[in-house]
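Just below is one structure, and these are the notes that go with it.
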Amino acid sequence: MRIKFLDRIAKKNTFTFEEALKISDIDRKTFWTILSRLEKNGWIERIEKGKYMIVPLGAEKGKYTLNEFVIGSILVNPYAIAYWSALHFYGLTEQIPNTVFIQTTARKKRQNIKVFDVSYKVVRTKETKFFGIRKEWIEETQISITDKEKTVIDCLDKPQYSGGIVEVAKALKNGRFDTDKLVIYANKIGNSGVTRRLGFLCKFLEIEINLPKINTRNYLYLDPTMPPQGKKNSEWRLIINLDEKVLEALE
């Protein structure tokens with residue numbers, strides 16, 4: 001039989017032990033026992049220690065799950081669905097990532113988590129890089145996700161979490177973006193590599209954008225996930241380590 005707290009918190013689909021304890025009026029030890037029984041009887045399912053989802057009436061134990069973004073929203077706080085996962089959410093990539101990428105400023109003991117056969121990657125970032133976040137409703141739960149422009153900037157900052165620079169190039173080519181916002185975000189994130197990669201890709205794709213000139217002698221790789229070889233581009237101080245045929249296919 002469901003107890004009152006479960007009905008009161010059910011609108012969220014997920015809850016933490018501490019959230020539920022506050023409205024239970026039960027001592028901590030007894031409450032752990034109650035949650036254990038609820039889980040055993042198939043009323044709730046544990047996501048990870050102290051974090052649960054509510055199983056709807058009639059759903060079969062072990063066969064029901066929530067949208068992966070909803071589950072991801074409870075794994076760490078603060079958070080934002082980001083990188084390749086956000087690219088896919090906005091329809092900016094045809095590739096379906098087999099990992100849900102979550103950005104956070106918090107420390108979490110485990111960065112690689114598996115819940116109900118879905119892999120999650122928690123990527124910790126600096127406070128100064130944690131911005132450009134909006135809200136979306138999924139399965140009656142409000143989740144946080146980076147906006148389109150911040151998603152592109154994040155993927156240029158850490159291409160290893162986006163499927164590589166080619167996926168970002170496809171997004172820029174096929175999507176519609178506020179270029180002024182891209183410039184603001186590129187400056188704010190504090191990584192000259194982002195500005196260089198963005199500048200090169202926009203020029204290659206003939207996208208008008210007003211980026212500052214590069215004032216450095218050192219070179220970076222266009223795509224850090226690819227082999228360290230290629231021609232130098234002096235304008236953006238990049239080593240273009242992508243196959244020319246791959247770049248030409250984007251035109």
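Readers should treat all values here as calculations from the given coordinates under stated rules, not as data from a laboratory. Here the structure is a predicted model, which means the values were calculated and not measured. Quick reminder, even Gly has a Cβ in these numbers, built from the backbone with ideal geometry, and neighbours come from all protein chains shown.
General remarks:
- A simple spin-label model places pseudo-atoms 7 Å from Cα toward Cβ; at Q95 and V118 they are separated by 2.0 nm.
- In loop segments of segment 114-145 as defined by DSSP, the trypsin sites (Lys or Arg not before Pro) with at most 11 further C-beta atoms inside 10 Å of their C-beta are K126.
- Using a Förster distance of 30 Å, the FRET efficiency for E140-F31 (Cβ separation, nearest 0.05): 0.75
- Stokes-Einstein D for the chain, Kirkwood Rh over Cα pairs, 4 °C, 1.567 mPa s (µm²/s): 64
- Ratio Rg/Rh [Cα only; Rh per Kirkwood] for segment 124-251: 0.98
- When C155, C202 are sorted by how many other C-beta atoms sit within 10 angstrom of their C-beta, beginning with the fewest, the order is C202, C155.
- When the pairs K12/K126; K12/K135; K49/K129; K126/K188; K109/K135; K126/K181 are compared against a 18 Å limit on Cα-Cα distance, K12/K126; K49/K129; K109/K135; K126/K181 fall above it.
- Rounded to 10°, Cα long-axis angle of helix 192-204 versus longest principal axis of the chain: 60
- The phi torsions of segment 210-222, fed into the Karplus equation with coefficients 6.51, -1.76 and 1.60 and a -60° offset, translate into couplings of 9, 9, x, 5, 7, 10, 7, 9, 7, 10, 10, 7, 4 Hz, rounded to whole numbers, with Gly and Pro shown as x.
- Backbone amide hydrogens, once placed in the peptide plane, bring V100 within less than 5 Å of S119, Y120, K121, excluding anything fewer than 5 places away on its chain.
- Each Lys and Arg adds +1 at its Cβ and each Asp and Glu adds -1 at its Cβ; summed about the Cα centre, the chain shows a dipole of about 1040 debye.
- Centre separation in Å (Cα based) which lies between segment 211-237 and segment 139-205: 17
- Packing here is the average count of other Cβ atoms within 10 Å per residue, and on that basis the peptides 64-72, 17-25, highest first, run 64-72, 17-25.
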